[in-house]
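Structure first, then comments.
Derivation of every value follows stated rules applied to the coordinates shown; laboratory data play no part. Since this is a predicted model, take the numbers as computed values, not measurements. Neighbour counts run over all protein chains shown; Cβ positions are idealised from the backbone, glycine included.
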Amino acid sequence: MATFFGEVVTVYSRAVDEDDDDEETLDEDEEDAQIRKELEEKREVCLHWSPEVCDALKSGDKLTCSHFILAVGHNASRFLSVYVLTSEKWDTVGHASVWNERSRAGSDEQSECIFYRHRDEPSVVICQLTCYVAEDQQFQWAEKVLDCLQHKDLHVTVLSDSPMADYKSADYLCGSSAPFLRSLHTTTFNGPPVCRALEQPNILSGLPAAVLNHCQVHRISAVVYRCFSDVNGADSVTMEAFKPALAKLRHSIKLDACPSSDALRKIVRTRDPQSNLYI
Amino acid sequence: MFITSQNSPPVFKDLTLVMPAVAVGNVGQLAVDLLISTLSLPRVGYLHTDCVIPMAGNNPYATGQDDAGELHTASEVYAAPELKLAVLQIRSPVVKSKSRRFRQLLLSWIKASGFSRTLVLSSSHAYQRDDQQLRGTPFRYLVTPSLLRSSGDAFKELGWRELERLPLCLGRLDAGADETKLAIPGGGITKGLYTDSCREDVPLAVLLLFCSEGDNVPDALSLVSHLDDWLHLLDDASREVKWKIPTSWNLLFGSGIPPAIF
């Protein structure tokens with residue numbers, strides 16, 4: 001769709017052309033099929049565990065885990081970097097590689113989705129994820145990762161962030177209310193979550209939704225905390241909003257009460273002007 | 001695949017399955033929402049598959065604070081054996097490259113569960129109608145030979161119009177001029193599901209409405225009323241009360257407006 005000023009805006013439509021699917025296979029020759037197959041294989045989510053974990057998984061033992069903490073998005077994963085990973089002793093036990101249309105050539109795949117394990121308390125596993133996981137990969141990611149973990153007594157906590165513009169509310173929200181947390185939890189989650197439930201008609205999509213769905217159908221205790229923030233990019237105030245989410249885990253995870261400003265400065269980079277809209 | 005949310009797996013044998021197709025204006029999904037909300041159907045399980053884009057939310061049919069915090073997923077099954085009814089709700093689009101697999105998965109589940117018939121609520125682009133489709137009501141139906149054998153008279157009594165087939169090639173005057181094809185533009189998996197069901201002898205009917213994207217609440221009310229004309233799910237007393245709009249339909253046009261603008 002072209003707007004008044006001539007720029008082309010892609011319009012999202014829920015209508016699907018039902019003929020697409022048939023045409024694809026009718027016109028497809030062997031080469032097309034080969035390319036399609038290769039693309040599908042390339043889009044597979046791959047998990048790379050450390051040799052020690054690999055051996056355990058091969059022998060049929062799943063990763064013993066009582067708390068799995070997944071941080072999706074820049075604020076959530078940087079919160080873990082600043083408040084958790086600096087103050088404790090954590091070992092990298094693996095990473096996941098995800099290739100899709102938004103993957104950039106030359107980007108460091110190994111640093112975009114990393115799994116850490118607590119050195120003193122190996123049943124606590126953390127995953128920091130900053131890359132984009134496409135819609136067709138989210139289900140697979142959740143299934144592959146959670147299948148590596150032992151389900152008995154497993155508690156999953158997902159931290160994710162979202163712009164405040166995505167939050168729907170009957171009352172007008174003024175800027176002073178942000179950032180704030182909302183939660184969603186599975187039926188098997190016991191104990192009250194640390195914040196209010198995400199009100200309808202707000203919904204959760206993306207990888208946190210895939211993880212929550214997996215936990216719900218497999219009766220794993222899980223909770224997702226979503227932080228709505230009005231700052232575009234990572235900032236220390238939004239990161240701090242995640243603190244209550246890990247309060248329940250204070251026996252196993254010690255939060256750095258007062259991270260050094262150097263650590264914060266390293267994480268909260270001054271954003272490069274990516275668009276020339278406001279110079 | 002289907003995973004029960006109860007302690008014992010539900011029995012679907014001889015129930016009627018009502019399901020939406022993700023299509024123009026989400027009319028089918030809205031109609032199914034009305035059905036679940038009005039009849040207060042209990043959830044019996046999930047259709048857990050990678051063919052549907054993941055989404056999650058708190059109870060879309062919440063009636064108060066007590067049941068508001070209940071988690072609901074992208075594709076769920078509700079059932080009321082006393083009404084002989086099962087309802088599948090699909091809340092997010094099908095992953096594009098997996099629509100064929102999704103259709104196969106649905107059909108094999110339908111066959112394995114032993115539903116007596118499957119009714120697909122769908123919609124199609126209003127702007128792509130041909131001359132004969134423009135006339136009269138925007139509501140149409142399609143039925144597979146298998147279901148026509150058992151309930152053929154019902155459609156005559158209801159006075160519904162079957163979806164017209166379009167000429168295969170416009171303007172042809174030779175022998176091929178009579179050839180027609182079935183077209184449901186914007187109908188998602190509707191056409192594929194219907195043709196697969198015809199081939200595999202599954203009793204299935206499609207109830208569809210020609211519509212455009214926009215506020216599709218009136219379309220959903222119209223479609224679900226047509227369904228009720230056939231199934232008589234609401235008793236006469238509750239028909240007066242009509243359909244119950246679920247709480248998740250709030251704020252269809254966005255959040256509240258800043259008071260400072262006045």
Is at least one residue of region B:55-77 touching a strand residue (DSSP E or B) at 6+ places or on another chain (Cβ under 9 Å), assigned to a helix (DSSP H, G or I) and more than 9 Å from chain A (Cβ to nearest Cβ)?
no
Test for B:V18: is it crowded, with 20+ Cβ neighbours inside 10 Å, closer than 17 Å to B:L83 by Cβ and either more than 9 Å from every other protein chain (Cβ to nearest Cβ) or touching an Asp or Glu at 6+ places or on another chain (Cβ under 6 Å) (or both)
yes
Does any residue of region A:145-163 turn out to be in contact with a Pro (Cβ under 7 Å, 6 or more places away or on another chain) and under 22 Å from A:F180 (Cβ atoms)?
yes
Residue count for region A:55-91, restricted to those that are in a helix (DSSP H, G or I) and of a type in the set (S, T, N, Q):
3
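Yes/no per residue for (1) surrounded by fewer than 22 Cβ atoms within 10 Å (Cβ to Cβ); (2) under 24 Å from B:D50 (Cβ atoms); (3) touching a strand residue (DSSP E or B) at 6+ places or on another chain (Cβ under 7 Å); (4) aliphatic (A, V, I, L, M):
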| site | (1), (2), (3), (4) |
| --- | --- |
| A:N100 | yes, yes, no, no |
| A:H118 | yes, no, yes, no |
| A:E121 | yes, no, no, no |
| A:V125 | no, yes, yes, yes |
| A:C131 | yes, yes, yes, no |
| A:A134 | yes, yes, no, yes |
| A:L149 | yes, yes, yes, yes |
| A:K152 | yes, no, no, no |
| A:D161 | no, no, yes, no |
Of everything in region A:219-250 that's among the basic types (K, R) and over 15 Å from the mean Cα position of the chain (by Cα), which residue is nearest to the other protein chains (Cβ to nearest Cβ)?
A:R219
Residues that are farther than 19 Å from A:A71 by Cβ, of a type in the set (D, E) and outside any loop (DSSP other than H, G, I, E, B), drawn from region A:92-142:
A:E135, A:D136
Kindly provide the set of residues from region A:191-206 that are closer than 20 Å to A:A165 by Cβ, more than 8 Å from chain B (Cβ to nearest Cβ) and in contact with a Phe, Trp or Tyr (Cβ under 8 Å, 6 or more places away or on another chain), ordered by number.
A:C195
Residue satisfying all of: in region B:190-203; within 7 Å of another protein chain (Cβ to nearest Cβ) and in contact (Cβ under 8 Å) with a residue 40 or more places away in the chain; farthest from B:E162 (Cα to Cα) among these:
B:G192
Out of curiosity, is B:L106 of a type in the set (A, V, I, L, M), in contact with a Gly (Cβ under 6 Å, 6 or more places away or on another chain) and touching a residue at least 40 places away in the same chain (Cβ under 8 Å)?
no
What's the number of the condition A:Q216 fails, among (1) more than 9 Å from every other protein chain (Cβ to nearest Cβ); (2) crowded, with 20+ Cβ neighbours inside 10 Å?
(1)
